[in-house]
Amino acid sequence: MAVLKAKSEKIVPFFLGLWQREQLLSMLITRWGGDNFKGALGDTITVKTNDRKIATAREYTWRTRPEPIKLDDISGYEDGLPVKLDTHLYSATGLTDEHFTLDDVQFATDVLQPQAQAVGEELNARCMAAFRAAKWKRSFEVAAGIDPHLVAVEARRRLDADKTAPQGGRVFLIGSDIAAEWLVSERLSKYEWNGEVGTPAVRQHTIGQLGGTPVIVNNELEPDEAYYFQKGSLLVANVAPAVPQGAVAGRTGVNAAGFAARWLQDYDAAYLTDRSIVSTFAGISEIRDERKGGDGADKFDLLEDESARHNVRGLKITYTGTGSVLPAPAADEGA
């Protein structure tokens, strides 16, 4: 049997579905893409956080009308933050004349599926690198054995102190040793994901909730490494490249979750080989929108020095002294 090809119009929806199923970190942060980048200078757009707008409430005189009402400007989080596309991720493979003529190859499962998985895993890896490189304003250490409920309360207290991160969309992302400690503590309760965030990868890595916040274990973290963050702490941009005119076949697409990619096929006559290429434009930006704070009228304005701003939508937690959760073995009576 030769290569069994899939219909071209079904190829992109097929691998985008596979891609989304395997996504973890990119499902937990804000996603941005599509037409927003068309015509953008330097492949960069400006995103407004829109978390807080400040209006003024006044009291008007009762029954009498001695003076006109006063108009006040709505202020607050009006400064935009830059988001840039700067990476072209791709997976390319060749199918020779021999493949097409003699081999039993299911194009969808033997070619597209591993290509989609490769690009998706690389996007997850880039998100992980962004977490570790983030300029978190706050972090703290926890000794093994501390009640996880207290850890959750302390993480929430510290993140709330900057009055920036919304309450919704917060997540604990933890390493394997911390997960073991929290599981045996019996402090975790069941959590069910709803909507598009609940991909198989997210559901499989969710071990419960703590203090109303979902807890996700990720073995790519160090065993004693953890993060408490709101989805707006980082932003992943994703756009499908256009299909070039020289391609034999090609499709672009975007699914309901916002993931976009391109598949194209061409023929390299010099090597008598068909090429299948899956690719996407991507960029991951950290949202550093630290405010001036204080009691002044400008307390919600961004710090003027961009280099001094921190990420105040998440924090890092480091455990010390973690290890096996099994009790220490009893001493040998004959010793």
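Please treat every number below as a calculation from the coordinates, not as lab data. Owing to the predicted nature of the structure, the values given are computational and were not obtained by experimental measurement. Cβ sites come from the backbone with ideal geometry, for glycine too, and all protein chains shown count toward neighbours.
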For this session: Report the semi-axes of the equivalent ellipsoid for segment 165-240 in whole Å, largest first, where each axis is √(5λ) for an eigenvalue λ of the Cα gyration tensor.
Result: 21, 15, 13
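For segment 241-335, what does the convex hull of the Cα positions come to per residue, in cubic angstrom? Can you show the working numbers first?
Numbers: hull volume 38.4 nm³, N = 95.
For segment 241-335, the hull spanned by Cα atoms encloses 404 Å³ per residue.
Using mean Cβ contacts within 10 Å as the protection proxy, how do 264-273, 202-211, 57-66 order, highest first?
Details: 264-273: 13.4, 202-211: 17.7, 57-66: 6.6.
Going from most to least packed, we get 202-211, 264-273, 57-66.
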Problem set entry | Debye equation applied to the C-alpha atoms of segment 133-178, log10 I(q)/I(0) at 0.16, 0.19, 0.20 Å⁻¹ | -0.52, -0.74, -0.81
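Can you check how the C-alpha radius of gyration of segment 155-283 compares to 2.2 N^0.38 Å, as a plain ratio?
That ratio works out to 1.48.
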